[in-house]
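Q: I'd like to ask some things about the structure below.
The values are calculated or read from the model by the stated rules, or taken from the named source; none is laboratory data. Nothing here was measured: the structure is a model prediction, and the numbers come from that model. We place every Cβ from the backbone using ideal geometry, glycine too, and count neighbours over all the protein chains shown.
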Amino acid sequence: MPEQVLDVRGLLCPMPIVKTKKAIDQLDAGQTLRILATDPGAVADFHAWTRRTGHKLLESEQVGKEFHFLVEKVVSTAKEG
């Protein structure tokens, strides 16, 4: 069960990532964040963002017209952004 759910449905790039960064900054390392999005570009964006920041993308799935992601926060890195 994620510690927090972030609803970014209806928002387009770059806002899903911007809001995700703000939300994940509030979590402790090891906690998870579920993100609900509708922007098809979010799939590539979340894969790239987690690779760049070091956070773990635990799930990435399409549910109807929505995209659901589960991200685990890792210890802060200098690459965050």
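Q: When you look at K73, is it touching a strand residue (DSSP E or B) at 6+ places or on another chain (Cβ under 9 Å), among the basic types (K, R), surrounded by 13 or more Cβ atoms within 10 Å (Cβ to Cβ) and on the phi < 0 side of the Ramachandran plot, yes or no?
A: yes
Q: For segment 36-50, give me the residue count where each residue is under 11 Å from P16 (Cα atoms) and of a type in the set (S, T, Y).
A: Adding up the residues that qualify gives 1.
Q: Can you find even one residue in segment 61-78 that is assigned to a loop (DSSP other than H, G, I, E, B), among the hydrophobic types (A, V, I, L, M, F, W, C) and free of Cβ contacts under 8 Å to residues at least 12 places away in the same chain?
A: Yes, that holds for at least one residue.
Q: More than 16 Å from K19 (Cβ to Cβ), modelled with pLDDT of 95 or more and over 13 Å from the mean Cα position of the chain (by Cα): does that describe K56?
A: Considered against the rule, which asks whether it is more than 16 Å from K19 (Cβ to Cβ), modelled with pLDDT of 95 or more and over 13 Å from the mean Cα position of the chain (by Cα), K56 comes out as no.
Q: Take the conditions touching a Leu at 6+ places or on another chain (Cβ under 9 Å) and within 15 Å of V74 (Cα to Cα) and apply them to L6. Does it pass?
A: no
Q: Would you tally the residues in segment 5-40 being small (G, A, S), surrounded by 14 or more Cβ atoms within 10 Å (Cβ to Cβ) and out of contact with any Pro (no Cβ under 6 Å at 6 or more places or on another chain)?
A: 1
Q: Would you check which residues across segment 1-39 are at pLDDT 95 or above, under 16 Å from E59 (Cα atoms) and aliphatic (A, V, I, L, M) and list them?
A: If the condition is that a residue be at pLDDT 95 or above, under 16 Å from E59 (Cα atoms) and aliphatic (A, V, I, L, M), then V5, L6, I17, I24, L33, I35, L36, A37 are the ones that fit.
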